[in-house]
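**Student:** The structure follows.
The values are calculated or read from the model by the stated rules, or taken from the named source; none is laboratory data. Note that the coordinates shown come from a computational prediction; the quantities given were computed from them, not determined experimentally. Backbone-built Cβ (ideal geometry, glycine too); neighbour counts: all protein chains shown. These area figures cover heavy atoms from the full protein model, side chains too; ligands, DNA and RNA do not enter into them. Shrake-Rupley method; radii C 1.70, N 1.55, O 1.52, S 1.80 Å.
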Amino acid sequence: MLSIKVPPLGESIVEATVSRWLKKEGDVVAAGDTLVDLETDKITVEVPALKPGVLTKRAKAEGEVVHVDDVLGELDETAVPATVGAPAATASAPASAPASPPPATTQPPTSRASSPPPSAPPSETTKSSPAARRIAEERGIDIAAVAGTGRGGVVSKPDVLAASTQRPSGTQQPRGNGVTPGERETREKMTTRRKRIAENLMQSQHQTAHLTTFNEVDMSGINALREKYKEKVEKEHGVKLTFMPFFVRATVAALKQFPMVNAQIDGDSIIYKHYVNMGIAVASDQGLVVPNIKDADRKGTIDLSREISEIAKRARDGKLTMDDLTGGTFTITNGGVFGSLVSTPIINYPQVGILGLHKTQDRPVAVNGEVKIRPMMYIALSYDHRIVDGQQAVLFLVRVKELIEDPASMLIE
């Protein structure tokens, strides 16, 4: 009997939550088949079968917290059926059992031989992300009937949400989070990821001298530039030109001018980072994650656009790696996509600064002594006042504002 154990989960991660079993007890599995998904505070880990066999025991239930090397279940590698897909009981039957004559039948003898072997349910054979499977189950959607638009035909969360909106109006769907009519309260155990998010946010508040400064940006220049080049960029490079890569480039330039905002405190020392791994906060089903663009200071606008798009998609599909989530030096978060007009972002500890972007809104502003209606955005910099002085923080934010309002100037940065 082969024990299925929790594999190493990555740097500094010692526990996870059993998110979803993909195989049932008695299922025949091939080497490499994913047996169970584990959710950590950073990524979803797929635990595969190392050898072919039959899953005889699931030792941990969905929702249980497990640690590295804990036994998740058992696999009988000796019970591999001779024919792929044949019932496990056939292979595990005692060899000494006498063969019994076949029962009489009125059907032609070829009919049984021509019957296809039993196959796994469609939901288990369809390639899909953990988030997509969870949403499909909550909304009562057959995931096998959903067309996947991800790489290799993988069904992602947006595919399931799109299928949900296309269902006939008369189709009854279960209520959100399994709430039944008449219930006034429900209790749900926090996932490992949600607990770690809470702990990290509390650590940031307790370990840093947290302060936030604000400014506002006229987005006219960026909007005009995007309008002029977005079709050309999408046609020639296959990426959508959003305003995020411009903010990344402006932030990189400001970090070079004010390196203490890209630093880190280690005991009584300050570590200055002479590179920028730019964290981009992404909202996913499992909670907020912050994958980072490695060496963002060495990349141009097109490369940044492509990497931001790819890393955001991996985050939503639950496909991030530990490398995606470690090594960040500064973070940008965009609450404007949800309609936030102004907020005070919390520093992604142990970093010492985070830039918050917000909704672009037309507002009257004074331009050369005249009142003009301009697309304006409030931006916020939360910083660790232990090593970043107020003057440096304000000037950093002013520099970001100047570069965004005059995007052509970034070409010479």
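**Student:** In whole Hz, what ³J(HN,Hα) sequence does the stretch 310-323 give by Karplus (6.51, -1.76, 1.60; θ = phi - 60°), x for Gly and Pro?
**Tutor:** With the stated coefficients, the stretch 310-323 comes to 5, 6, 5, 5, 5, 5, 5, 8, x, 10, 6, 9, 4, 5 Hz.
**Student:** Of the options Ile265, Pro291, Leu341, report the single residue whose Cα projects farthest towards the positive end of the charge dipole of the stretch 263-365 (beta-carbon charges: Lys, Arg +1; Asp, Glu -1).
**Tutor:** Comparing the listed Cα positions along the dipole, Leu341 ranks first.
**Student:** HN-Hα J couplings of the stretch 51-64 from phi, Karplus 6.51/-1.76/1.60, θ = phi - 60°, integer Hz, Gly and Pro as x?
**Tutor:** Per-residue couplings from phi come out as 9, x, x, 10, 6, 9, 8, 10, 7, 10, 8, 4, x, 6 Hz.
**Student:** Once you charge only the Cβ atoms, +1 for Lys and Arg and -1 for Asp and Glu, what is the size of the charge dipole of the stretch 250-353 about its Cα centre, to the nearest 20 debye?
**Tutor:** It comes to approximately 240 debye.
**Student:** 5 Å is the cut-off here: which amide hydrogens, built 1.01 Å from N in the peptide plane, fall below it relative to Ser128, excluding neighbours closer than 5 in sequence?
**Tutor:** For Ser128, the qualifying residues are Val155.
**Student:** So, with +1 on the Cβ of K and R and -1 on the Cβ of D and E, and no other charges, what is the size of the charge dipole of the stretch 283-405 about its Cα centre, to the nearest 20 debye?
**Tutor:** 220
**Student:** Another question, then. Arrange the peptides 331-341, 291-301 so that the one whose residues have, on average, the most other Cβ atoms within 10 Å appears first.
**Tutor:** Peptide ranking by packing, descending: 291-301, 331-341.
**Student:** With all protein chains present and a 1.4 Å probe, how do Arg386, Arg226 order by accessible area, largest first?
**Tutor:** Details: Arg386 120, Arg226 65 Å².
I get Arg386, Arg226, largest accessible area first.
**Student:** Could you list which residues have their amide H under 5 Å from that of Thr44, counting only those 5 or more apart in sequence or on another chain, with H placed in the peptide plane?
**Tutor:** Here Leu320 satisfy the definition.
**Student:** Rank by packing, highest mean first: peptides 391-399, 304-312, 186-194, with packing defined as the count of other Cβ atoms within 10 Å averaged across residues.
**Tutor:** Per-residue mean Cβ counts within 10 Å order the peptides as 304-312, 391-399, 186-194.
**Student:** List the residues whose amide H sits under 5 Å from the amide H of Arg374, counting only those 5 or more places along or on another chain, with H placed 1.01 Å from N in the peptide plane.
**Tutor:** Those lying under 5 Å, H to H, from Arg374 are Arg363, Val365.
**Student:** For His210, His67, write out the residues from largest to smallest accessible area, computed with a 1.4 angstrom probe and no ligands counted.
**Tutor:** Working: His210 55, His67 80 Å².
These residues rank, largest area first, as His67, His210.
**Student:** Could you tell me what fraction of 2.2 N^0.38 Å the Cα radius of gyration of the stretch 1-77 comes to, as a two-decimal ratio?
**Tutor:** Compactness ratio reported: 1.01.
**Student:** Quick check: the distance between the Cα centres of the stretch 288-321 and the stretch 34-53, to the nearest angstrom?
**Tutor:** 24
**Student:** Do the alpha carbons of any pairs in Lys127/Lys230; Lys5/Lys273; Lys195/Lys240; Lys232/Lys359; Lys51/Lys313 sit beyond 29 Å of each other, and which pairs?
**Tutor:** Table pairs above 29 Å Cα-Cα are Lys127/Lys230; Lys5/Lys273; Lys195/Lys240; Lys51/Lys313.
**Student:** Also, I was wondering about something else. Can you run phi through the Karplus equation (6.51, -1.76, 1.60; θ = phi - 60°) for the stretch 369-377 and list ³J(HN,Hα) in whole Hz, with x for Gly and Pro?
**Tutor:** 3J(HN,Hα) across the stretch 369-377, in whole Hz: x, 10, 8, 10, 8, 10, x, 10, 10.
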